[in-house]
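The values are calculated or read from the model by the stated rules, or taken from the named source; none is laboratory data. These numbers come from a predicted model, not from an experiment. Because the Cβ atoms are built from the backbone with ideal geometry, glycine has one as well, and the counts that use them run over all protein chains shown. Protein only, heavy atoms only, side chains kept; ligands, DNA and RNA dropped before computing areas. Shrake-Rupley method; radii C 1.70, N 1.55, O 1.52, S 1.80 Å.
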Amino acid sequence: EEAACLPTAWLTAYRMLFTQARVTPGQTVLVQGAGGGVATALVALGAAAGARMWVTSRNPSKASRVLALGADEVFESGARLPARVDAVMETVGAATWAHSVRSLRPGGTLVVSGATSGYAAETELNRVFFLQLRVLGSTMGTRDELVRLLAFCERTGLRPPIHSVLPLAEARAGFAALDAGDVFGKVVFTP
């Protein structure tokens with residue numbers, strides 16, 4: 001079950017952090033949303049690589065779990081942050097987009113790999129060009145990145161958090177939990 005998570009959510013997170021945003025130890029990264037498979041992977045991978053990981057969440061239970069996973073601080077969704085960040089990892093979409101753009105330091109990077117709350121979002125373009133922000137799309141990754149991810153997990157001992165393992169016949173229940181946002185980690189289906 002853990003291996004099944006690696007070429008999907010974890011590879012997407014790895015590419016977002018290390019290939020697209022070029023996150024290095026000591027940088028501050030904001031992850032929008034606390035419980036999904038990509039978000040939990042982002043926190044675990046970033047923390048293990050020495051980045052300061054900040055997360056937004058509306059759910060106190062998920063907030064405490066993401067802190068245990070390696071997040072340095074958790075903020076209410078849309079909250080004013082104590083400082084601007086080097087990179088924002090965006091998987092939520094329309095509901096958090098404006099906050100993501102406003103949270104970046106000059107020259108910062110916003111990497112988007114999902115839009116669970118909607119695909120259409122307004123952007124203050126003047127903020128993008130005056131602050132020279134980088135906005136990058138990302139999904140999945142390359143075979144070489146997967147090899148590096150596996151080596152990283154082996155060296156650090158990181159393992160994907162799994163919310164539940166369900167038989168394929170119960171896929172409807174798993175997708176309903178995802179749709180409701182009632183998950184922390186990945187939902188894995190078995191044949």
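Among the residues of the stretch 158-191, those that are open to solvent by 70 Å² or more (accessible area, probe 1.4 Å) and either within 16 Å of R65 (Cα to Cα) or among the hydroxyl-bearing types (S, T, Y) (or both) comprise R159, H163, D182. G118 meets each of the listed conditions (1) in contact (Cβ under 8 Å) with a residue 24 or more places away in the chain; (2) surrounded by 15 or more Cβ atoms within 10 Å (Cβ to Cβ); (3) not polar (S, T, N, Q) apart from (2). The combined condition, being part of a helix (DSSP H, G or I), open to solvent by 50 Å² or more (accessible area, probe 1.4 Å), at pLDDT 95 or above and in contact with a Phe, Trp or Tyr (Cβ under 8 Å, 6 or more places away or on another chain), is not fulfilled by R155.
One residue stands out among those in the stretch 126-145 that are part of a loop (DSSP other than H, G, I, E, B) and not small (G, A, S): the one that is nearest to T109 (Cα to Cα), which is L133.
Does S113 count as in contact with a strand residue (DSSP E or B) (Cβ under 8 Å, 6 or more places away or on another chain), polar (S, T, N, Q), touching a residue at least 24 places away in the same chain (Cβ under 8 Å) and surrounded by fewer than 22 Cβ atoms within 10 Å (Cβ to Cβ)? Here the answer is yes, as S113 does meet what is asked.
Okay, residues lined up against (1) acidic (D, E); (2) open to solvent by less than 20 Å² (accessible area, probe 1.4 Å); (3) closer than 25 Å to S117 by Cβ; (4) touching a residue at least 24 places away in the same chain (Cβ under 8 Å):
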position: A3; (1), (2), (3), (4): no, no, no, no
position: F18; (1), (2), (3), (4): no, no, no, yes
position: Q32; (1), (2), (3), (4): no, yes, yes, yes
position: G35; (1), (2), (3), (4): no, yes, yes, yes
position: T56; (1), (2), (3), (4): no, yes, yes, yes
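Total residues in the stretch 60-109 satisfying the condition of being open to solvent by less than 30 Å² (accessible area, probe 1.4 Å), β-branched (V, I, T) and not in a loop (DSSP other than H, G, I, E, B): the figure is 5.
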